[in-house]
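The values are calculated or read from the model by the stated rules, or taken from the named source; none is laboratory data. Model, not experiment: these values are computed from the prediction. When we count neighbours, we look across all protein chains shown, and the Cβ atoms used for this are built from the backbone with ideal geometry, even at glycine. In case anyone asks, the SASA skips ligands and DNA or RNA and just uses the protein heavy atoms, side chains included. Shrake-Rupley method; radii C 1.70, N 1.55, O 1.52, S 1.80 Å.
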Amino acid sequence: MQKFITFLVRKIPRPILIKFSFLFSKLTSVFYKGNKYKCPVCQNEFRKLLPYGNKGIDNRLCPSCLSLERHRLLWLFLKEKTDFFERKIKLLHIAPEQPFLKKFKNLSNLEYITADLVSPIADVKLDIQNIPFAENEFDVVFANHVLEHIPDEHKAISEVFRILKNGGWAIMQVPLDVKRNTTYEDSSIVTPSEREKHFGQYDHLRLHGLDFAQRLEKGGFKVEIIDLVSEIGIEKSDYYRLDNTEKIYLCKKNTNDTK
Ligand SMILES: [Zn+2]
């Protein structure tokens, strides 16, 4: 049975798995039940997690809510480092991550707007390089795993800065190569196979490096890099199955400081 589940996870794209997750999680919760790992998003415990990715690396995908390492880290960050779950917040969620969608919709403190360039389930269709909202409108903006797809990244970052209220903040995580000091971009690399080879995925336009904070700062933000994995320690980060190299880039808009 476990082999069958692994086979399904490898063969079926994650968005389809998510669509049928109510069935899937019933199936997997029996076979993956345990107490070795815990998903902080759905609060369930498992003996192991599902494999994920081309190489089918084990222990990555939550058998219940289908969260990945980056979703679990962001959830913990929101819980432990922000008042996201308590304060009245107007949130724009660009390219909304499925494991968060239902949870955010159920939070009564949020005025929650989802947006996407293509997805029909989003509230608003928009291009992040030209956001159809007035300035100073949102308390929080999420646009995770978006910037690596965007031709004019600087314009996108500046647009998110523009629509945030003073004192507001954004999270715009990207796949980051921690061995790289400078972001790798080359506009002559255009074919899907070349992009996959150079940037790690067929539709990525760059591979971000450690200069990511400076790139965010160029759009006007003050950036705080939060290493939550180090703060909570190796044992707990293994319990939650986090990526030990990922850090949260908290982007704050504070125009009072710059005047
Ligand atoms: Zn979960």
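Criterion first (acidic (D, E), modelled with pLDDT of 95 or more and either open to solvent by 40 Å² or more (accessible area, probe 1.4 Å) or assigned by TED's automatic domain parsing to the domain that holds P51 (or both)) does E196 satisfy it?
no
What pairs come out if I take residues in the range 45-72 that are within 14 Å of K11 (Cα to Cα) and open to solvent by 10 Å² or more (accessible area, probe 1.4 Å) and pair them with residues that are in a strand (DSSP E or B) and within 13 Å of the ligand (Cβ to nearest atom) whose C-beta lies under 6 Å away, six or more apart or interchain?
Y52/R60; Y52/L61
With L92, L107, L76 as the choices, which residue is part of a strand (DSSP E or B), among the aliphatic types (A, V, I, L, M) and in the same structural domain as L205 (by TED's automatic domain parsing)?
So the residue among L92, L107, L76 that is part of a strand (DSSP E or B), among the aliphatic types (A, V, I, L, M) and in the same structural domain as L205 (by TED's automatic domain parsing) is L92.
Test of understanding: among V140, V124, V146, which residue is closer than 30 Å to I189 by Cα and not basic (K, R)?
V146
Taking only the range 228-237 into account, find how many residues are surrounded by fewer than 17 Cβ atoms within 10 Å (Cβ to Cβ) and either free of Cβ contacts under 8 Å to residues at least 60 places away in the same chain or in contact with a helix residue (DSSP H, G or I) (Cβ under 7 Å, 6 or more places away or on another chain) (or both).
6
Take the conditions under 21 Å from the mean Cα position of the chain (by Cα), under 21 Å from E97 (Cα atoms) and surrounded by fewer than 21 Cβ atoms within 10 Å (Cβ to Cβ) and apply them to H149. Does it pass?
Yes.
Of the numbered conditions (1) free of Cβ contacts under 8 Å to residues at least 12 places away in the same chain; (2) open to solvent by less than 10 Å² (accessible area, probe 1.4 Å), I128 satisfies every one except a single condition; which is it?
Evaluating I128 over (1) free of Cβ contacts under 8 Å to residues at least 12 places away in the same chain; (2) open to solvent by less than 10 Å² (accessible area, probe 1.4 Å) leaves (1) as the failure.
Just checking, does the range 97-119 include any residue being away from the ligand (no atom under 16 Å from the Cβ), closer than 30 Å to R47 by Cα and modelled with pLDDT of 95 or more?
Yes, there is a match, as at least one residue in the range 97-119 is away from the ligand (no atom under 16 Å from the Cβ), closer than 30 Å to R47 by Cα and modelled with pLDDT of 95 or more.
Would you check if R87 is modelled with pLDDT under 95 and either of a type in the set (K, R) or surrounded by 17 or more Cβ atoms within 10 Å (Cβ to Cβ) (or both)?
no
From L250, L216, L242, L210, which residue is surrounded by 14 or more Cβ atoms within 10 Å (Cβ to Cβ) and in a helix (DSSP H, G or I)?
None of the others qualify; the one that does is L216.
Restricting to the range 51-71, give me the number of residues that are within 9 Å of the ligand (Cβ to nearest atom) and assigned to a helix (DSSP H, G or I).
Residues meeting the conditions: 1.
I'm checking my understanding of the structure. Among residues of the range 31-45 that are part of a loop (DSSP other than H, G, I, E, B) and in contact with a strand residue (DSSP E or B) (Cβ under 8 Å, 6 or more places away or on another chain), which one is farthest from the ligand (Cβ to nearest atom)?
Per the criteria, the residue is N44.
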